[in-house]
Amino acid sequence: MNLRMSPQEMIVAKVVSHKDFERQVLKSIEEFALFEFIDVRRQAGIVDVKRTREEETVYSALERLTKILESLEIDNTKRTGVYTEVEDTTLQNSLTLAAEVISAVEAEVLDIDSKATIARLEMERQRGIADVAMSLKPLGIDPSFIGTTDFTFTTAGIIPSGRESELEWSINQVTEGAFTIGRLPLKRGGSACVITVPVELKDAVERILSAMQFEAFAIPEDSAGQPEKIVTDAENQIAELKQEVEQLEISKEHIALEWGSRILAAWETLDIERRRIDKKSFIVYTEQSIKMWGWIPEGKEAELESILHANVGPALEVTFDKPDFAEVEAPTYISNPSFMKPTEDVVKAFGIPSRHDLDPTKFMALSFPIIFGLVFSDVGQGFLILLIGYAALRANKKGQDWGSILGYVQNGAQGLMLMGIFAMIGGFLFGSFFGAETVIEPLWPIFAHTDPNRATHMLKLSIEVGVIHISLGIILSLYNELKHKHRRKALIAVSYLWLYLGFINLLFGVSYNSIGSWFSATGTVSLWLPIIGIGYGTGSHNPFYPVLPIAPMMFTLLMFVIPLVIMMIASFLGKMDGIVYFLEYVIGMISHTVSYARIFALNTVHIILSSVFIILPELFFIYFPPLSLFGVEIIPHEVHTLHYSGVPRMPFLGAAIGTLIVGILEGLLGFMHTLRLHFVEWFSKFYHAGGVEFQPFRVKRLHTAKITPQAIASNIPVS
């Protein structure tokens with residue numbers, strides 16, 4: 001396991017080879033998968049090299065395959081579970097595969113699309129005919145009468161309500177009574193009208209109709225006869241056309257079923273070729289050679305050289321350099337175990353680590369589920385989260401795709417499993433099972449269901465968890481400043497940690513409700529120890545806190561005043577930025593610590609909301625037998641709460657509804673607040689982000705598998 005906390009150091013790899021081995025070099029870099037090209041061509045002002053005819057063919061063929069996939073409604077971003085072996089030693093091999101697929105299906109797919117388009121257009125035309133005929137039906141007008149003849153102009157349409165009389169009067173004035181008009185009021189408002197006037201008055205009448213907001217019916221061609229017959233004929237035509245379109249769609253489904261995997265393989269092969277061609281814009285060409293530069297993680301030199309020499313041979317020169325600009329321009333590469341990938345994605349959502357940042361992924365992979373487990377403490381609901389995460393993990397391994405929304409669940413599978421495990425641990429500690437407190441006795445005695453101070457203990461636990469979390473952030477900041485030899489900032493971090501722990505010890509080891517006692521010249525100070533003293537008071541009243549032989553005033557001077565002064569002086573040396581950071585740290589010391597009380601608040605809300613459903617009228621109870629593991633009593637013979645004493649039981653209806661509603665809402669709420677505690681309260685202590693993500697040239701195959709050189713050699717006939 002790579003336990004490195006800082007982003008990987010980056011170096012520049014310079015690859016030079018004969019131009020005849022260009023493809024082998026590109027495929028080697030693709031196989032290496034940790035080489036980010038540097039655009040030295042643009043920096044040198046070199047003109048781009050024109051593509052060859054074969055390379056242009058890649059783009060045109062890829063476009064044709066994309067259209068085929070779209071027509072067949074095949075999603076190229078989802079795995080099908082079927083992998084087609086491809087041999088792409090040469091570009092011509094890839095083009096041959098694509099040509100075979102295109103020649104086999106393209107003509108048929110285009111023909112089906114053409115027929116389907118014609119059928120759909122005809123369906124729209126028939127719907128238009130039916131709509132017009134239905135509109136003319138109340139007027140009893142044959143659609144063929146609508147239009148212009150040698151002597152008359154006839155139109156039909158809808159006139160807005162209230163303008164019928166005005167329309168008739170206006171037409172009468174223009175035509176001097178030489179017109180006919182038929183009107184029929186419509187239930188939806190307005191009136192259907194048919195108007196006939198002498199043909200020479202057509203233009204004048206149309207101007208009147210336009211001014212009156214007359215909406216003329218669009219009369220399709222070849223629509224003649226009674227409206228009822230036209231509607232019937234159109235509906236019959238539409239039914240036949242629908243059936244034709246359905247048959248065409250079935251034909252496309254058969255093609256997709258038979259050829260889908262090969263079309264996807266051809267598309268993916270050409271898409272990879274396109275990406276290889278695009279990378280040629282980073283290559284410098286000379287008369288006989290090619291040169292390329294790229295960022296790689298330090299320590300990967302031997303692996304890159306090994307792959308290049310295996311694929312290219314001796315016609316190769318590889319050198320490595322760490323230029324001065326690497327500290328400024330190098331991308332950020334962080335490497336974490338695969339099960340931490342969901343946490344790494346969350347960190348990147350906040351921002352890519354800068355070159356001088358620490359990568360918080362490894363700490364956050366543990367702290368995030370721990371805090372979530374305290375917020376969402378329930379054995380049963382935590383187990384469901386664990387199951388969902390496990391199902392998502394299995395789906396990932398099988399290459400299944402749950403879609404755009406549930407895809408987030410798949411991406412965070414391992415994280416969900418950890419969150420579920422710690423939610424279960426929290427449930428055992430606090431005694432919650434599917435929202436019921438009548439099944440499990442809390443393993444942590446101070447959180448017993450009958451303890452009236454249970455909420456107070458939870459509040460203190462939340463604050464102490466926050467203190468540990470914030471202190472870890474300050475320690476990480478100190479480590480990072482020492483690593484980069486920033487002495488002033490390291491002094492600020494030391495004094496801040498000193499000040500913060502002194503402040504917390506004054507709260508819990510002296511008094512949290514009487515600041516005056518901090519300055520007492522008599523008495524003693526108790527040393528605060530995290531977690532173990534919860535439930536036993538503060539200061540000298542807590543038997544778990546060792547007593548220090550020092551007066552509170554002296555302790556305040558040593559652990560609060562002195563570090564505050566040192567921190568202030570060191571910060572002010574940084575001028576205005578230092579002053580701002582000093583104020584932010586001092587204010588945040590209190591506000592950020594108090595912010596962790598949201599753990600207590602959300603845990604309490606979870607209990608209250610669950611109890612609302614638990615008291616619903618029960619259909620039946622589920623009873624549980626006593627259970628002990630390794631001598632620890634998990635399910636007792638009897639449970640005792642403020643409202644129930646007796647055999648462990650759980651009401652089915654309340655638990656089911658509560659899990660469905662509270663589990664989803666509180667789960668999302670708990671996730672968001674846990675995220676906020678990390679992004680705001682914790683990251684502000686040491687993490688700045690602002691880096692540029694490392695984007696190496698790599699290929700992710702969803703539908704194809706490369707034939708190995710050994711497999712190719714085994715298929716060559718022996719003479």
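The values are calculated or read from the model by the stated rules, or taken from the named source; none is laboratory data. For clarity, every value in this text was computed on a predicted model and none was experimentally measured. We place every Cβ from the backbone using ideal geometry, glycine too, and count neighbours over all the protein chains shown.
What are the residue pairs meeting all of these: first residue in the range 78-95, first residue among the charged types (D, E, K, R), second residue assigned to a helix (DSSP H, G or I) and surrounded by fewer than 18 Cβ atoms within 10 Å (Cβ to Cβ), Cβ atoms under 7 Å, and 6 or more apart or on different chains? Listed by first residue and then by second, the contacts come to Glu87/Asn93; Glu87/Ile712. Among the residues making up the range 81-100, those that are surrounded by fewer than 16 Cβ atoms within 10 Å (Cβ to Cβ), under 34 Å from the mean Cα position of the chain (by Cα) and outside any strand (DSSP E or B) are Gly81, Val82. Tell me yes or no: at least one residue of the range 628-649 is buried (at least 16 other Cβ atoms within 10 Å of the Cβ) and within 21 Å of Leu461 (Cα to Cα). No, the range 628-649 has no match at all. Just one of the listed residues (Thr180, Thr155) is under 60 Å from the mean Cα position of the chain (by Cα) and among the hydroxyl-bearing types (Ser, Thr, Tyr), and it is Thr155.
Got at least one residue in the range 493-502 being closer than 30 Å to Phe383 by Cα and crowded, with 22+ Cβ neighbours inside 10 Å? Checked against the condition, which is being closer than 30 Å to Phe383 by Cα and crowded, with 22+ Cβ neighbours inside 10 Å, the range 493-502 yields no hits at all.
Determine whether the range 314-324 contains at least one residue that is among the charged types (D, E, K, R), surrounded by 14 or more Cβ atoms within 10 Å (Cβ to Cβ) and more than 27 Å from His18 (Cβ to Cβ).
no
Here Ile446 qualifies as modelled with pLDDT under 90 and touching a Gly at 6+ places or on another chain (Cβ under 7 Å).
Can you find even one residue in the range 252-271 that is modelled with pLDDT of 90 or more, buried (at least 18 other Cβ atoms within 10 Å of the Cβ) and of a type in the set (Ser, Thr, Tyr)? Yes, there is a match, as at least one residue in the range 252-271 is modelled with pLDDT of 90 or more, buried (at least 18 other Cβ atoms within 10 Å of the Cβ) and of a type in the set (Ser, Thr, Tyr). Taking Arg676 as the residue in question, decide whether it is at pLDDT 85 or above, under 27 Å from Phe422 (Cα atoms) and basic (Lys, Arg). Judged against the criteria, Arg676 is a match. In the range 538-557, of all residues being at pLDDT 90 or above and in a helix (DSSP H, G or I), the one that is surrounded by the fewest Cβ atoms within 10 Å (Cβ to Cβ) corresponds to Met554. Pairing residues of the range 414-425 that are assigned by TED's automatic domain parsing to the domain that holds Leu384 and under 13 Å from Ala392 (Cα atoms) with residues that are surrounded by fewer than 24 Cβ atoms within 10 Å (Cβ to Cβ) and of a type in the set (D, E, K, R), at Cβ distances under 8 Å and at least 6 apart in sequence or on separate chains, gives Gln414/Lys341. Of the residues in the range 443-462, none is under 25 Å from the mean Cα position of the chain (by Cα) and assigned to a loop (DSSP other than H, G, I, E, B). Of everything in the range 432-442 that is in contact (Cβ under 8 Å) with a residue 40 or more places away in the chain and part of a loop (DSSP other than H, G, I, E, B), the residue that is farthest from Pro625 (Cα to Cα) is Gly435. For the residues Ile657, Ile634, the requirement of being in a strand (DSSP E or B) and assigned by TED's automatic domain parsing to the domain that holds Leu384 singles out Ile634. Looking only at residues in the range 121-149 that are at pLDDT 85 or above, exposed (fewer than 14 other Cβ atoms within 10 Å of the Cβ) and of a type outside the set (A, V, I, L, M, F, W, C), the one that is nearest to Val86 (Cα to Cα) is Thr148.
Just one of the listed residues (Lys700, Lys685) is part of a helix (DSSP H, G or I) and either of a type outside the set (Val, Ile, Thr) or over 30 Å from Asn480 (Cα atoms) (or both), namely Lys685. For the range 616-627, the set of residues classified as surrounded by 11 or more Cβ atoms within 10 Å (Cβ to Cβ) and either in contact (Cβ under 8 Å) with a residue 24 or more places away in the chain or touching a Cys at 6+ places or on another chain (Cβ under 9 Å) (or both) consists of Leu616, Glu618, Phe621, Ile622, Tyr623, Phe624, listed by residue number. Of the residues in the range 205-217, at least one is of a type in the set (Phe, Trp, Tyr), assigned by TED's automatic domain parsing to the domain that holds Thr149 and modelled with pLDDT under 85.
Starting from residues that are touching an Asp or Glu at 6+ places or on another chain (Cβ under 7 Å) and polar (S, T, N, Q), keep the ones in the range 93-103 and report whichever is farthest from Asp278 (Cα to Cα).
That would be Asn93.
Pairs are defined by a Cβ separation below 9 Å, a sequence spacing of at least 6 or placement on different chains, a first member in the range 501-528 that is touching a residue at least 24 places away in the same chain (Cβ under 8 Å), and a second member that is basic (Lys, Arg); the pairs so defined are Phe508/Lys460.
State yes or no: is Arg598 of a type in the set (D, E, K, R), buried (at least 16 other Cβ atoms within 10 Å of the Cβ) and at pLDDT 85 or above? Criteria met by Arg598.
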